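Below: one structure, written as structure tokens.
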Amino acid sequence: MRNLKLLRTLEFRDIQAPGKPQCFSLRTEQRTVLIGSDHGLIEIDPVTREVKNEISLVAEGFLPEDGSGCIVGIQDLLDQESVCVATASGDVILCNLSTCQLECVGSVASGISIMSWSPDQELVLLATGQQTLIMMTKDFEPIMEQKIHQDDFGESKFITVGWGRKETQFHGSEGRQAAFQVQMYELALPWDDHRPQVTWRGDGQFFAVSVVCPETGARKVRVWNREFALQSTSEPVAGLGPALAWKPSGSLIASTQEKPSQQDIVFFEKNGLLHGHFTLPFLKDEVKVNGLFWNADSTVLAVWLEDLQREENCTLKTYVQLWTVGNYHWYLKQSLPFSTCGKSKLVSLMWDLVTPYRLHVLCQGWHYLCYDWHWTTDRSSGDNSSDMANVAVIDGSRVLVTVFRQSVVPPPMCTYRLLLPHPVNQVMFSAHPQKSNDLAVLDASNQISVYKCGDSPSVDPTVKLGAVGGNGFKVSLGTPHLEKRYKIQFENGEDQEVNPLKLSLLTWIQEDVFLAVSHSHSSPQSVIHHLTVMPSVTDDEPGQLSISSSVAVDGVIISLCCSSKTKSVALQLAGGQILKYLWESPSLAVEPWKNPSGFPVRFPYPCTQTELAMIGGEECVLGLTDRCRFFISDTEVASNITSFAVYGEFLLLTTHSHTCLCFCLRDASFNTLHAGLSNNHVSKGESLRKVERGSRIVTVVPQDTKLILQMPRGNLEVVHHRALVLAQIRKWLDKLMFKEAFECMRKLRINLNLIHDHNPKVFLENVETFIKQIDSVNHINLFFTELKEEDVTKTMYPPPVTSTAQLSKDPDGKKVDLICDALRAAMESINPHKYCLSILTSHVKKTTPELEIVLQKVHELQGSASPVPDAVSAEEALKYLLLLVDVNELYDHSLGTYDFDLVLMVAEKSQKDPKEYLPFLNTLKKMETNYQRFTIDKYLKRYEKAIGHLSKCGPEYFPECLNLIKDKNLYKEALKLFPSDSQQYKEISIAYGEHLTQEHLYEPAGLVFARCGAHEKALSAFVASGSWQQALCMAAQLNWTKDQLAGLSRTLAGKLVEQRKHGDAATVLEQYAQDYEEAVLLLLEGAAWEEALRLVYKYNRPDIIETNVKPSILEAQKNYVALLESQTATFCRHKQRLLVVRELKEQAQQVNLDDEVPQGQESDLFSETSSVLSGSDMSGRYSHSNSRISARSSKNRRKAERKKHSLKEGSPLEDLALLEALNEIVQSTEKLKDDVYQILKVLFLFEFDEQGRELQKAFEDTLQLMERSLPEIWTLTHQQNSATTVLGPSATANSIMAAYQQQKTAVPVLDAELLIPPKINKRTPWKLSLLE
């Protein structure tokens, strides 16, 4: 749905040269044009408008002096730095333009009618006057000569096995003779010059020749290959014209055919068969086709037509038409009328070989024209809901308009079409925001037809409905009507005759003002014209548009864009400079467009599409080049953009990676846009969406969510970009337009939680508005069913920027419950009968479904018999409930209400067999009320309620109650049901205590027993738990004798010694068994030296000091010294081994840095044989069979954990195992400080100074050794925390990756705490200064 927009026109008029021009060629490298005339060659530079070279062929005798000579071909030869010229007399001449030397490289006596070079300039083909073809190399060495007329079909002749032959077919009324009719050939067209035509395929492998067959007098097309072998001959085509052009992409050969009532452009395949056609807008014998020309990328076909003389005094014209194809329909996009007499008669035209949309035209009066076109989409630019999202497509004298707001009509169909008297060249929509649906059309006769939307007094015959109406259907579409046609008044009429496209970049800037650009034909200047409507006397009189004012601009303007909001107009010059046109000011000044820094903006490359947009409060110019480079101001932000569109506050782009990006410009800055477009690897959330390959943006429907894309073939696709959808929904929600938002979300599968989460406070304040707007029970139920606690504005649909209006959710109240309660209250106040099902849904969807309330309401519906207009029957409500809740769950809840009517009502709707539930219900009805409810609760497994009901049934049911309590462990709940002084309470407590004893919870069991008065059981439990104080209390309550207490105390002492509580054991023996000697021994065993001395002196037994205390102290001192020596030796051994292991690992890492060998636990995923390690690291490799153990048994898992850190030399994690062992040694040594301090005091007390000093010295040396070693051992901490890769000038990709892998897998995450060094607290007092 694109049109060709004229970017610039380059003219070189009145070239000073002798003779008449006959043909021309391009020198692409020099950017000059070679023109051949009846006198010789002229090389011109169209930019500087000067003649660079002039070579006379008359002086050398190659052309006659009388001007009757003819040049039939010119070709610039790049590798030979020469120009090849062929004359009709038969000479082939090489011209060196730098030295002006001429060399005749060959001559054909019979003359030359065509010279055609292959696209790669390796071969040249000559058509001679003797009806032969001569093929030569680029060095003009003949390869072969063949007759131009061949009897054979060619190598690709079709093979038939006789099936379907004409002779075997049924011919109806024509009879059998029709099978043997001889085909009649039509002669060539009357205006055919009978000259052969040659065209090459784009890759140079084939060429086609169109000639008039001397036998039949009809034209044929023959296809030859590069080796000059005939491939195929075209099927007979009546009225075939001489024009011939092979599509550069290679698929089709274009020619012309004159039919009885029309003129067609027909297409041949390489095998000579017809393949499609389109009709020219002329009648038979009205025009002749002089030539067909494909542009370089095969997208545009130029047709050169000329009027045939029908009347003597009529004015004849020549036309150049540009045709394009889309969705298998051919569109006439541009029509250029030229005069056939005088200076403006066309001599030749051709497309540029490098720039695909540049057309070169040569006129007889030595006028050279160059047109640059590019694709554009003509769409309305309004941003409010009144804009209908119109897109206009030019198709000859029709403008096809599609209104995307109302319907998406695929091309070539349309919503309506405008019929114009002449072919259309430009379409523009009004830039006025409120009149964006109005459009103006510029046709080839330089008339502007203005169509306006609104009420028309009569039916406009120039507006015809397309695919949306007619055939008796009523159309709700308002079509525009023709307001008036205006003729543009030019100051110089001659300009229009020479250049039919005088004005370009026409823009409807104001109600009665148009802007247009024209280019100077004598200097690189442009002029901006203001076309103003002149008042007319009558409405029927054609209007006039006069040039009210003009502003000259230095430079060639190639684009003009305006903003409908700010009224700014930006001009782009061919050099990339951006100018601001102050069209509203009286002076009509032009000034440079400046960026926020104050510097003039200039695109590095000329852009074919430009737009204005507000980015972060600043108006910027956006540009897209034909090479997909996208610029914001003068900075390139992306190089893979295929199309873009600015819609309100959004920028939409399509990329070569088949994605569509959408950015919000309101709060965006240039840097955020640059980052979002340049980083393709980061997920962009809602701003990015995948689209079909080759998609381009057509338009965006304003105040809607539709984005229209067109595929390369031409078909349309409508997508709802997530960013547009969410932005529109947020706007609707801000305006409290809940219905529009809901419908959009439901259709496009947006989570309905957004309605609340967008602004919870506003939604909860307007729930009544929400219900009244939705006004549908089904839709409200749908809203309920999608509710969840998640805040979708933080997970699924985060806003593009942090909004201060977002209110935090109340942490105390649950979102779903709040919404359900608020909506239910609103519905009950509006119409509880109408919204009955929604009210039931609000109960069911709460965090804890209120099924009992729901069932009660259904039961009430069954009981109410008064008819209400919108009321729902109980049966309907129950049937609806069964959709939300499982029927068995609903049955259980109804049973839990103890209402048998409700149970029967639900059971009837379920799939249950009446033989199952009726006997059960009948049995329940016969029971006593409490026992009945107990039975129901037990059936529903509500055991807490069951024992509550059963406790009320009387003492005879207590055994059953106790069994249920024991079975379901409901002891705590049961104890609350009975008074503490009752027998039931005691029995339950005893059962509870026995249960705790079985669970080995002896102390809680003892407390339960003690509370209920079961002292003996409590005593046993306290003894088992080691609670000696409680046990002795229980013994006192049982009035035990001293002997019994002594025995109990010895038992307790044994338990306490097992728990290493020597002090408590000594206290029990001393106080309750009166055995102070055993108590002293226990204290000595527990190293409680001072407490032992206290007992010795309390009972006046100094002899024990010599016999027991001193030997125990000395033995403890020896043990401590031996322990410290062992710890020191182990510490030093582990430390030395750790240094060795680290050195080996560093060596292995350096040797194998480029092998990228995986380290650590992840290496288990690789085969052991894949390791390429040195010997030092290979020793650390063994089969990790234990690390591959699955989670089948906890025993195996524990075994694997134990073996994970093995101190065995060569194990893979030996360094971690050593760190773990060293850490344990340091921590255990740190814990000895208090014990050492206590023994040092008693050593000094009993004058064992030497032993005390020995122990103190050994402990001090051990601590100092460990303190000094800590920084040396725990050195990996900082290296591990800073995960910096090994970089530098000598680093390679492999070394960086290997180093990163080594760091990443060196230490598993779970072992990270081993890298933290243990702490030695120097403030802990342990040293005895008396021993120093």
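Here Glu1125 sits with roughly 120 square angstrom of accessible surface, probe radius 1.4 Å. Between Thr216 and Trp191, what FRET efficiency comes out of the Förster formula 1/(1 + (r/R0)^6) with R0 = 22 Å and r the beta carbon distance, rounded to 0.05? Once the sixth-power term is evaluated, E becomes 0.75. In segment 877-965, the inverse of the mean reciprocal separation of distinct Cα atoms equals 13.9 Å; this is its Kirkwood hydrodynamic radius. Accessible surface for the chain, divided over its residues, is 48 Å² per residue with a 1.4 Å probe.
The modelled label-to-label distance between Glu860 and Glu54, using points 7 Å beyond Cα along the C-beta direction, is 10.8 nm. Projecting the Cα atoms of Cys664, Ile632, Val691 onto the dipole axis of segment 632-755, where Lys and Arg carry +1 and Asp and Glu carry -1 at the beta carbon, places Val691 farthest toward the positive end. The Cα center of segment 3-57 and the Cα center of segment 396-435 differ in position by 38 Å. For the chain, the longest principal axis of the alpha carbon atoms and the long axis of helix 929-939 meet at an angle near 60°.
Note on segment 534-680: with neighbouring protein chains present and a 1.4 Å probe, carbon and sulfur make up 51 percent of its accessible heavy-atom surface.
A simple spin-label model places the labels of Arg31 and Leu78 1.7 nm from each other, with each point 7 Å out along Cα-to-Cβ. Once the Cα-Cα distance is subtracted from the 0.36 nm per residue extended length, the Arg1094 to Leu748 segment shows a gain of 115.8 nm. Once the Cα-Cα distance is subtracted from the 0.36 nm per residue extended length, the Leu273 to Leu1207 segment shows a gain of 327.7 nm. When you restrict to C-alpha pairs under 8 Å that are six or more residues apart and normalise by the size of the chain, the relative contact order lands at 4 percent.
Spacing of the modelled spin labels on Ser107 and Asn384, each 7 Å from Cα toward Cβ, amounts to 8.0 nm.
Take the alpha carbon gyration tensor of segment 1034-1125, find the square roots of its eigenvalues, order them as a ≥ b ≥ c, and report rounded if a/c is under 1.5; if not, report prolate when a/b exceeds b/c, else oblate. Oblate.
Heavy-atom accessible area with a 1.4 Å probe sorts Cys562, Cys104, Cys414, largest first, into Cys104, Cys562, Cys414. The candidate values are [x] 56.7; [y] 88.3; [z] 51.8; the one derived from this structure for mean projected area of the Cα convex hull in nm² carries the label [y]. As a fraction of the 1.4 Å probe accessible area of segment 322-403, surface on carbon and sulfur atoms comes out at 54 percent.
Each Lys and Arg adds +1 at its Cβ and each Asp and Glu adds -1 at its Cβ; summed about the Cα centre, the chain shows a dipole of about 2820 debye. Across segment 273-304, the residues whose backbone nitrogen lies under 20 Å from the label position 7 Å along the beta-carbon direction of Ala238 are 273-280, 282-289.
Here segment 966-1007 exposes an accessible surface that is 46 percent carbon and sulfur, computed with a 1.4 Å probe and the other protein chains kept in place.
Give the residues of segment 57-101 whose amide nitrogen is closer than 19 Å to a point set 7 Å from the Cα of Lys20 in the direction of its Cβ. Correct set: 57-58, 63-74, 87-89. From helices alone, the chain scores -9500 deg cm²/dmol at 222 nm; the rule is -39500 (n - 2.57) for each run of n ≥ 4 DSSP H residues, then divide by the residue total. Calculate the FRET efficiency for Asp139 and Asn715 from the Cβ-Cβ distance with a Förster distance of 60 Å, rounded to the nearest 0.05. Efficiency at R0 = 60 Å is approximately 0.75.
Solvent exposure of Lys1098, expressed as accessible area, is near 120 Å², computed with a probe of 1.4 Å over the protein chains only.
What is segment 617-665 by shape, rounded, prolate or oblate, if you read a ≥ b ≥ c off the alpha carbon gyration tensor as root eigenvalues and call it rounded for a/c under 1.5, prolate for a/b larger than b/c, and oblate otherwise? The shape class here is oblate.
The Rg/Rh ratio of segment 417-467, with Rg taken over Cα atoms and Rh as the Kirkwood radius over Cα pairs, comes to 0.97. Compared with the dominant principal axis of the Cα atoms in the chain, helix 914-925 is inclined by about 40°. Cα gyration tensor of segment 292-385, axes a ≥ b ≥ c as square roots of the eigenvalues: rounded (a/c below 1.5), prolate (a/b > b/c) or oblate? Here segment 292-385 falls in the prolate category. Computed from the C-beta positions of Asp821 and Glu790, the FRET efficiency with R₀ = 22 Å rounds to 0.70. With 0.36 nm allotted per residue and the present C-alpha distance subtracted, the Glu1085-Phe920 stretch has 52.3 nm of extension available.
Ranked by the mean number of other Cβ atoms within 10 Å per residue, highest first, peptides 1036-1043, 830-837, 253-260 order as 253-260, 830-837, 1036-1043.
The values are calculated or read from the model by the stated rules, or taken from the named source; none is laboratory data. Because the structure is a prediction, the values reported are computed rather than measured. Every residue, glycine as well, gets a Cβ built from its backbone with ideal geometry; the counts of neighbours run over all protein chains shown. Accessible surface areas use protein heavy atoms only, side chains included; no ligands, DNA or RNA. Shrake-Rupley method; radii C 1.70, N 1.55, O 1.52, S 1.80 Å.
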